[in-house]
Amino acid sequence: MAVKGGDSLPPGPTPHPLKIFDAARKQDKFVYACAPMLAFRQTVHQYGTDLCWTPMILAKEFNRSEFARDSDLTVSTSTPQPPTVVQFGANNALELARASSLAAPFVSGIDLNCGCPQSWACAETLGAALMDRGALVRDMVLGTRERLRRDGWKVGLESDMESAEGRSVSVKIRVHDDLRRTMDFLDTVVGHAQFRNVDWVTVHPRTRHTPSTTPIFAEALEILTEKYAPTLPLLLSGDVFDLSALPIRRTTVSQDLSTLTVKGDDAPTPTPSTTRLSGFMAARGLLANPALFAGYTACPWEAVEVLMCRLARAPLPFKLALHHVQEMTAPGMGPDKSALLNKRERAELNACGSMFDLVDFLDSKVEEHTGKGMRRDL
């Protein structure tokens, strides 16, 4: 694991994810989650993101390669570590358990990706291909929980969420065309409601073949939430671009507020108590606007400044850093299509050839647009 900003390893990750879920539930607030790299995790955490995921890490390579461990999982020692869940791609119980054992000292939880739809992943029985292998997924999460227990970590769900050694085990899923198959999968993986196998589930209500341009399947989400939310926390992943336009199906017909659907356009702002959802995960929405969960409808200049300051302490490859800035300065994913840079300025941004060029370019644009130079003291 690569350690940024210090010479020693951190004393341990910050709060158990279930403690975050519990605190949010008591305040009738949603949990907000994302899946970026270290500098970006720190940026979105500053703007209200509660839980951060890593990108999907291949468990087999993580186990066998020190280079993979150093490049795929980075942690911070000089600044607070955002509560981070490591997301693994695996199709073997022993591989996932070993990788989880290696990562556990540096993260708050382990997540098995059963949602990645990319063809290469599905060809290797990873990601969304696991949605047809419920028994295997159950065995993987049980094996991981047992390995962590043997290593001395506390994996007793809510009973261990106050412990500094507490670690979570969760899964992220997609749905099937026939939702009965999804429910069979969840029944197998979750297990008994009182002694469940996973701490929570993140649901992306599209099938492995559904393009991201197609809206999420609100009816499928509603059915799954009604059935499983009383048992464990559920996060919604997909089409989370604006807090004022969350992807929750609205109808003109009055519905029981215990279901996901809320009443008409005049209905109050959805909350966990009226939707049964525990929170939202954003990917594309946060890439375009890291301040999304702080209530910003479009990315503010200050978020760009925060990211650049974080990158100075936890560098990314230049092309990846440039990509983040490109996303943040272009029109957003939500209803607000305003952009920090116009089309001509974005062409100039794309021409930057080094981090020095990027810093100089942003310095001039921040001063031009805000009247102040870019901050370097964050």
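The values are calculated or read from the model by the stated rules, or taken from the named source; none is laboratory data. Owing to the predicted nature of the structure, the values given are computational and were not obtained by experimental measurement. Cβ: placed from backbone, ideal geometry, glycine included. Neighbour counts: every protein chain shown. Side chains included, ligands, DNA and RNA excluded: accessible areas come from the protein's heavy atoms. Shrake-Rupley method; radii C 1.70, N 1.55, O 1.52, S 1.80 Å.
Around SER168, which amide H atoms from residues at least 5 apart in sequence, or from another chain, sit under 5 Å from its own amide H, with H modelled in the peptide plane?
Hits under the 5 Å cutoff: GLY109, ILE110.
Ignoring ligands, DNA and RNA, what accessible area per residue does the stretch 100-144 give at 1.4 Å, in Å²?
Details: 1410 Å² over 45 residues.
In whole numbers, the stretch 100-144 has 31 Å² accessible per residue.
Could you work out how much longer the chain between ASP132 and PHE356 gets when fully extended? Use 0.36 nm per residue separation minus the Cα distance between them, nm to one decimal. Write out the running numbers ahead of the final one.
Working: separation 224, 0.36 × 224 = 80.64 nm, distance 4.80 nm.
Contour length minus the Cα-Cα distance gives 75.8 nm.
Of all the accessible heavy-atom surface of the stretch 279-348, with the other protein chains kept in place and a 1.4 Å probe, what percent is carbon and sulfur? Intermediate values should be presented prior to the final figure.
Details: 1640 of 2780 Å².
Looking at the stretch 279-348 in its full context, I get 59 percent from C and S.
Between ARG284 and LYS372, what FRET efficiency follows from the Cβ-Cβ distance if R0 is 25 Å, with the result rounded to 0.05? Don't skip to the answer; put the middle values down first.
On the way: r = 29 Å, r/R0 = 1.18.
For ARG284 and LYS372, the calculated efficiency is 0.25.
How much accessible area per residue does the stretch 301-370 have, in Å², with a 1.4 Å probe? Don't skip to the end; give the middle numbers.
Details: 3440 Å² over 70 residues.
Per-residue value: 49 Å².
How large is ³J(HN,Hα) for each residue in the stretch 328-342, as worked out from phi by the Karplus curve 6.51 cos²θ - 1.76 cosθ + 1.60 (θ = phi - 60°), to whole Hz, x for Gly and Pro?
Going residue by residue, I get 6, 9, 8, x, x, 8, x, x, 7, 9, 5, 10, 5, 10, 7 Hz, with x marking Gly and Pro.
For ILE57, enumerate residues with amide H under 5 Å from its amide H, sequence gap 5+ or separate chain, H modeled in the peptide plane.
Amide H neighbours of ILE57, under 5 Å, 5+ apart: GLN87, PHE88, GLY89.
Sticking with the crude label model, points 7 Å out along Cα→Cβ, report the distance from SER212 to LEU102 in nm, one decimal please.
Label at SER212, label at LEU102, 2.8 nm between them.
Which option, [x] 145; [y] 122; [z] 200, is the value of volume of the Cα convex hull per residue in Å³ that was calculated from these coordinates?
Only one option fits the structure, namely [x].
Grab the Cα-Cα distance for ASP151 and GLU348, subtract it from 0.36 nm times how many residues apart they are, and report the gain in nm with one decimal. Walk me through the intermediate numbers first.
On the way: separation 197, 0.36 × 197 = 70.92 nm, distance 5.18 nm.
Stretched out fully, the ASP151 to GLU348 stretch lengthens by 65.7 nm.
I'd like the Kirkwood hydrodynamic radius of the stretch 110-210, using the inverse of the mean 1/r over distinct C-alpha pairs, in Å. Please report the intermediate quantities before stating the final value.
Values: mean 1/r = 0.0713 Å⁻¹.
Computed over the stretch 110-210, the radius equals 14.0 Å.
Averaging sequence separations of C-alpha pairs under 8 Å and six or more residues apart, then dividing by the length of the chain, give the relative contact order as a whole percent.
15 percent
Simple spin-label model, 7 Å along Cα-to-Cβ: SER71 to GLU158 in nm?
Between SER71 and GLU158, the label points sit 4.3 nm apart.
Could you give me the ³J(HN,Hα) list for the stretch 104-119, computed from phi with Karplus coefficients 6.51, -1.76, 1.60 and θ = phi - 60°, whole Hz, x at Gly and Pro?
3, x, 10, 9, 8, x, 10, 10, 9, 7, 10, x, 5, x, 4, 4
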